[in-house]
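Peer 1: Encoded as structure tokens, here's the structure I'll be asking about.
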Amino acid sequence: MRRILPVIFILTVALAGCASEPEVKGPSQDSLKALSEEARTVQVQLPEFVREAPPRAQEAYSLAYAHTYLLTDMPCYCGCGSSGHEHNAHCFIQDKDKDGNVQWDRMGAT
């Protein structure tokens, strides 16, 4: 199950951020519940603007931190390329060094 959660996360982010047709149903309630549970296990200090955001945004940032490597392979289509975003991870994290220090981006909280 833990191996499939990152894949579900990618699909959830892609569908939530890029779906424009109403017939797209999105992830199941079970998969969303599993992602919420996983997000609660991520050990990261979220910045204040994320802590003040809705719970789903907080979960998205936690999961983006835990699975940045997956999001770097996912193109972003929300039009944020002019902000220097090269992939979906940049909507949440501008930079993350080897020690886990993060330069957060506000795009994912909006």
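Peer 1: Excluding residues on the same chain fewer than 8 positions from K25, give the lysines whose Cα lies under 30 Å from its Cα.
Peer 2: In chain and number order, the partners are K33.
Peer 1: Taking amide H positions as placed in the peptide plane 1.01 Å from N, state which residues far from Q94 in sequence (5 or more) or on other chains have amide H under 5 Å from it.
Peer 2: Under 5 Å from the amide H of Q94 lie the amide H atoms of Q103, W104, D105, each far enough along the sequence or on another chain.
Any read-out appearing in this document is the output of simple, stated calculations on the displayed coordinates, not a laboratory observation. Every value quoted in this text rests on a predicted model; they were computed, and no experiment measured them.
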